[in-house]
Every structure is written in structure tokens, then in C-alpha cells.
Amino acid sequence: MPIYYQQNINDFTQLAVWKIDETESFFNQKVTIQQQVTHPHKRLQHLAGRFLLPYLYPDFPSELIQIADTRKPYLPNEAYHFSISHCGDYAAAIVSSTQRVGVDVEMVTHRVNKIRHKFLHVSELENWNIESLEEQEKFRTLTLLWSAKEAMFKWWGRGDIDFSDCMQVEAADLKASGILKAIFRKEDFIASLQLHYRLTNELSLVWVNND
């Protein structure tokens, strides 16, 4: 069973990352695809993400999932809050019966360097000393920050967010795992968030569970 990582966050919230080694037939036995996904690998990622929901909570009603105008999947009665992410051969999901959640998994890549000004505020670029970092550490840091903001965006769930202005992540010394402090601002709404992360040279995983 290719579970890459799993954590029981609290009594009501669970997280898992799946390393996709299977073919579609494996997931098709367990998951009914609800969206038209034509690209074979994207369809495999989609299936793996949906597979994780009842894996974490066997009574998760996958057949009731709907898609909001913001493209966020949700359950109409919110019996569970959940978030799904996928990249490369990985799929991640977080499910909670009590809290809003968001998760993002990303492959560490140099490409994120080209769009850093689109998702990082000028103060973040300065506080994280992005320009002074060695190349590989720069890519790891930028990928983690992109992943952090994607997780917050999914936690928010309502779209219409400027990544550089509405979400800012406090600078920290990065480790293999830890917590980042962040501020989320949208008009009159302000929230202080703790973002949990795991970071390797290949993969960034960030999640948030917050009321």
C-alpha cells in the first residue's frame, strides 16, 4: 500500500499522501469519477485524490461531492470538510469533521522562481532573503511558500484572492518539518494561521486546519 505519509492531526482530522504506483483500474474499483478528465495522468491523479477521502474516513460520502463556482469540491451538508491536492505521482488529502482545512503538495522545481513576484509580497522576498539563497535552497523555499499559499487559498475556499497581498508568511528557518506563521487578510476578515509543513529536496507538503 503506497502511503507516502499519513498523520492523525487530532481526534477529528486526518491527512495522507499517496504515492501513485497503480493503474486506473485499481482506483476505478473503489472510486467513481465525477468530472470529465481527459488527460490520462491527470485523471489518475484525480482518482487517487478521491480515493484518499474514504481511505481516511470509511463513511465519507464521495458520491455527494459537489463543485462550487470557485472549483472547490465540497459536501452540501458539510459532514466533512476536506481538501485535495496532487502533483506528479503524488496525491494528498486532508479531512476533518470539525474544521475548515486546506492542503497542497508540490514538486520542488526551478519554475516557481519565474513567478515568485506573482505570489510573494515585496516584504516576503526581503524577509526570506530569497536573492541571497543558494540555488537549490531558493527553489525549495519558493516552492514551500507557493505551497503554503495554495493551502491557505483552499482553506479560504471562496476564491478571489490576491496571493501576494491577502496572504503573507512570516520568515523562518526551514527544517524537514515544522510550522509557519501566516496572516490571511480579505477585506474586513483577518486570521492568524499556523501552516504545518514537511519539506524534502523533491517534495513540499503544507496543510492548515483552522476554524
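The values are calculated or read from the model by the stated rules, or taken from the named source; none is laboratory data. As the structure is a computational prediction, the values presented were derived from the model and not from experiment. Ideal geometry is used to build each Cβ from the backbone, glycine not excepted, and the neighbour counts take in all protein chains shown. Side chains are part of the model used for accessible areas, which takes the heavy atoms of the whole protein and leaves out ligands, DNA and RNA. Shrake-Rupley method; radii C 1.70, N 1.55, O 1.52, S 1.80 Å.
Note on exposure: Leu15, Leu133 ranked by accessible area (1.4 Å probe, complete protein assembly) read Leu133, Leu15, with the most exposed listed first.
Rounded to a whole number, what is D in µm²/s for the chain from Stokes-Einstein with the Kirkwood radius over alpha-carbon pairs (4 °C, 1.567 mPa s)?
Taking Rh from Cα pairs, D becomes 74 µm²/s.
As a rough guide to protection, the peptides 63-70, 168-175 ranked by mean Cβ packing within 10 Å, highest first, stand as 168-175, 63-70. Neighbours of Ser97, meaning other residues whose beta-carbon lies under 13 angstrom from its beta-carbon, give a summed charge of -3 when Lys and Arg score +1 and Asp and Glu score -1. Place a point 7 Å from the Cα of Ala68 along the Cα-to-Cβ direction; which residues of region 142-173 have their backbone N under 12 Å from it? Under 12 Å, as judged by backbone N against the label point of Ala68, lie 153-161 of region 142-173.
If packing is taken as the average count of other Cβ atoms within 10 Å, what order do 178-188, 198-208 fall into, highest mean first?
Listed from highest to lowest mean packing, they are 198-208, 178-188.
Net charge around Asn77, counting only other residues with Cβ within less than 14 Å of its Cβ (Lys, Arg = +1; Asp, Glu = -1)? Combined, the nearby Lys, Arg, Asp and Glu give -3. Pairs of Cα atoms nearer than 8 Å and 6+ residues apart set the relative contact order; for region 93-201 it is 26 percent. Projecting the Cα positions of Leu205, Val103, Trp18 onto the charge dipole of the chain (unit charges on Cβ atoms of Lys, Arg, Asp and Glu, taken about the Cα centre) puts Trp18 furthest along the positive direction. In region 1-155, Cα pairs under 8 Å separated by at least six residues give a relative contact order of 20 percent. Using the Cβ-Cβ distance between Leu174 and Gln6 with R0 set to 22 Å, the FRET efficiency works out to roughly 0.50.
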